[in-house]
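Undergrad: Structure below; questions to follow.
The values are calculated or read from the model by the stated rules, or taken from the named source; none is laboratory data. As the structure is a prediction and not an experimental result, all values here were calculated from the model. Reconstructed Cβ throughout: ideal geometry from the backbone, glycine too, with neighbour counts over all protein chains shown.
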Amino acid sequence: MQRFEAYLKANLPRVDSFHPHYNKAMERMLLAGGKRFRPLLLLSVVEAYEPLLYESALAPALAIEFLHTYSLIHDDLPAMDNAPLRRGFETLHITYDEATAILVGDALNSEAFYRISKAPLRDDIKIKLVELLSRDGGTYGMVLGQAIDLFFENRPLTLEQVKFLHTNKTAKLIATSLLMGAIIVGLDKKEQDRLYSFGIDLGLLFQIQDDIIDETRSEEEAGKTTGNDEDKNSFINIIGLEKSIEEAEELAKDLESRFKLFEPQLQNVLKSIIKQYLYRHR
């Protein structure tokens with residue numbers, strides 16, 4: 001975490017211009033903290049199998065954090081969730097204005113792929129990383145999930161539809177973080193698929209936990225706007241708090257048992273991260 005945080009601070013996007021707050025706005029949400037969950041998943045896979053590639057993997061890990069942060073900035077916009085708080089700070093459209101928030105999100109989105117293109121990795125690896133991140137962070141994943149989420153506000157979905165929504169909106173970016181690490185170190189297709197499948201279910205658990213936290217914790221405890229999901233197809237709104245907790249417990253236990261089947265070196269580097277997040281809803 002400290003190595004990645006230092007790398008992030010040393011590699012913030014900065015542009016020479018006379019704009020009064022362009023750079024400050026771009027770095028604001030990046031420096032506001034966050035779990036760094038997705039980049040740490042990628043880096044953990046690299047650390048487990050090819051630690052000599054760790055430094056080279058920092059750029060794509062940062063790209064994931066840029067893309068994730070862009071999605072949060074846009075998610076908070078008045079046209080979407082209209083949230084005033086993120087990571088314990090005012091959202092960008094509150095501090096500056098809506099246009100600034102939109103443009104900063106756009107900048108971080110494109111910056112993610114620019115950083116991958118400049119990473120000290122083989123060209124074929126970089127092309128594959130761009131493919132995966134654009135697929136699961138864009139049209140075929142996160143953006144699709146967000147579109148479904150917004151369109152079906154106040155229109156209850158089935159539980160399977162809610163899982164489809166959140167598989168795309170949340171889980172795929174988590175899964176592709178693990179998969180990108182596997183691509184960098186050259187794991188075989190079977191291991192890639194196993195990591196991706198694990199990541200999808202980990203992402204679903206992550207979303208169920210977020211819904212539970214939104215229902216049960218204050219904004220100060222959560223570090224973001226809570227109680228803002230009344231019109232959303234959250235797990236809480238579809239199956240209730242008690243059943244959502246049961247779903248989270250069942251999924252966490254399944255992931256725990258599957259985690260034990262990973263190779264020992266991968267378990268060693270991932271265990272602290274997985275342990276921290278499997279039961280965070282409690």
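Undergrad: Can you give me the number of residues within region 97-116 that are touching a helix residue (DSSP H, G or I) at 6+ places or on another chain (Cβ under 6 Å) and among the hydroxyl-bearing types (Ser, Thr, Tyr)?
TA: Of the residues in region 97-116, 1 are touching a helix residue (DSSP H, G or I) at 6+ places or on another chain (Cβ under 6 Å) and among the hydroxyl-bearing types (Ser, Thr, Tyr).
Undergrad: Here is a follow-up. Can you list residue pairs whose Cβ atoms sit under 6 Å apart, with the first residue in region 122-149 being within 15 Å of Ile64 (Cβ to Cβ) and the second being in a helix (DSSP H, G or I) and among the aromatic types (Phe, Trp, Tyr)? Count only pairs 6 or more apart in sequence or on different chains.
TA: Val130/Phe113
Undergrad: Applying the selection to region 5-47, what residues are under 20 Å from Asn268 (Cα atoms) and assigned to a loop (DSSP other than H, G, I, E, B)? Spell out how you get there, then give the answer.
TA: The initial filter retains those residues of region 5-47 that are under 20 Å from Asn268 (Cα atoms), namely 35-47.
Lys35, Arg36 - these are the residues of region 5-47 that are under 20 Å from Asn268 (Cα atoms) and assigned to a loop (DSSP other than H, G, I, E, B).
Undergrad: Let me ask something else. Within region 178-211, count every residue that is farther than 19 Å from Leu278 by Cα and among the hydrophobic types (A, V, I, L, M, F, W, C). Let's see the steps before the verdict.
TA: Just the residues of region 178-211 that are farther than 19 Å from Leu278 by Cα, to begin with: 179-193.
Add one more test, that the residue is among the hydrophobic types (A, V, I, L, M, F, W, C), and what stays is 179-180, 182-185, 187.
Result for region 178-211: 7.
Undergrad: Still on this structure, please answer the following. Which residues, taken from region 167-195, are within 14 Å of Gly137 (Cβ to Cβ) and of a type in the set (Val, Ile, Thr)?
TA: Of everything in region 167-195, those that are within 14 Å of Gly137 (Cβ to Cβ) and of a type in the set (Val, Ile, Thr) turn out to be Thr167, Thr170, Ile174, Thr176.
Undergrad: Given the conditions (1) assigned to a helix (DSSP H, G or I); (2) surrounded by fewer than 19 Cβ atoms within 10 Å (Cβ to Cβ), which single one is not true for Ala79?
TA: The number of the failed condition is (1).
Undergrad: Condition (residue is in contact with a helix residue (DSSP H, G or I) (Cβ under 6 Å, 6 or more places away or on another chain) and modelled with pLDDT of 95 or more) applied to region 16-23: is it met by at least one residue? Even if it seems obvious, please write down each step before you answer.
TA: Keep residues of region 16-23 that are in contact with a helix residue (DSSP H, G or I) (Cβ under 6 Å, 6 or more places away or on another chain), which gives none.
No, every residue in region 16-23 fails to be in contact with a helix residue (DSSP H, G or I) (Cβ under 6 Å, 6 or more places away or on another chain) and modelled with pLDDT of 95 or more.
Undergrad: On to the next question. Within region 128-169, which residues are within 23 Å of Gly240 (Cβ to Cβ) and in contact with a His (Cβ under 9 Å, 6 or more places away or on another chain)?
TA: Within region 128-169, Gly145, Asp149 meet the criteria.
Undergrad: Hey, among Leu85, Leu108, Leu121, which residue is at pLDDT below 95, of a type outside the set (Lys, Arg) and in contact with a Ser or Thr (Cβ under 6 Å, 6 or more places away or on another chain)? Before the answer, list the steps.
TA: Working: Leu108 fails: at pLDDT below 95; Leu121 fails: at pLDDT below 95.
Exactly one of Leu85, Leu108, Leu121 is at pLDDT below 95, of a type outside the set (Lys, Arg) and in contact with a Ser or Thr (Cβ under 6 Å, 6 or more places away or on another chain), namely Leu85.
Undergrad: Being within 21 Å of Leu202 (Cβ to Cβ) and surrounded by fewer than 19 Cβ atoms within 10 Å (Cβ to Cβ) is the filter here, so list the residues in region 50-69 that pass it.
TA: None; the set is empty.
Undergrad: Return the residues of region 263-282 that are over 26 Å from Leu241 (Cα atoms) and in contact (Cβ under 8 Å) with a residue 24 or more places away in the chain; say none if nothing qualifies.
TA: Selection gives Glu263, Gln265, Leu266, Asn268, Val269, Leu270.
Undergrad: Now a separate question. Hey, His93 hits all of (1) at pLDDT 95 or above; (2) surrounded by fewer than 19 Cβ atoms within 10 Å (Cβ to Cβ); (3) closer than 30 Å to Glu153 by Cβ; (4) in contact with a helix residue (DSSP H, G or I) (Cβ under 8 Å, 6 or more places away or on another chain) but one; which does it fall short on?
TA: (2)
Undergrad: Quick check, is Ala63 over 17 Å from Ile174 (Cα atoms), among the aliphatic types (A, V, I, L, M) and in contact (Cβ under 8 Å) with a residue 24 or more places away in the chain?
TA: On the way: over 17 Å from Ile174 (Cα atoms): no; among the aliphatic types (A, V, I, L, M): yes; in contact (Cβ under 8 Å) with a residue 24 or more places away in the chain: yes.
No.
Undergrad: Another question, if that's okay. Consider Pro20 against the criteria (1) touching a Gly at 6+ places or on another chain (Cβ under 7 Å); (2) more than 17 Å from Gln146 (Cβ to Cβ): it satisfies all of them except one. Which criterion is unmet?
TA: (1)
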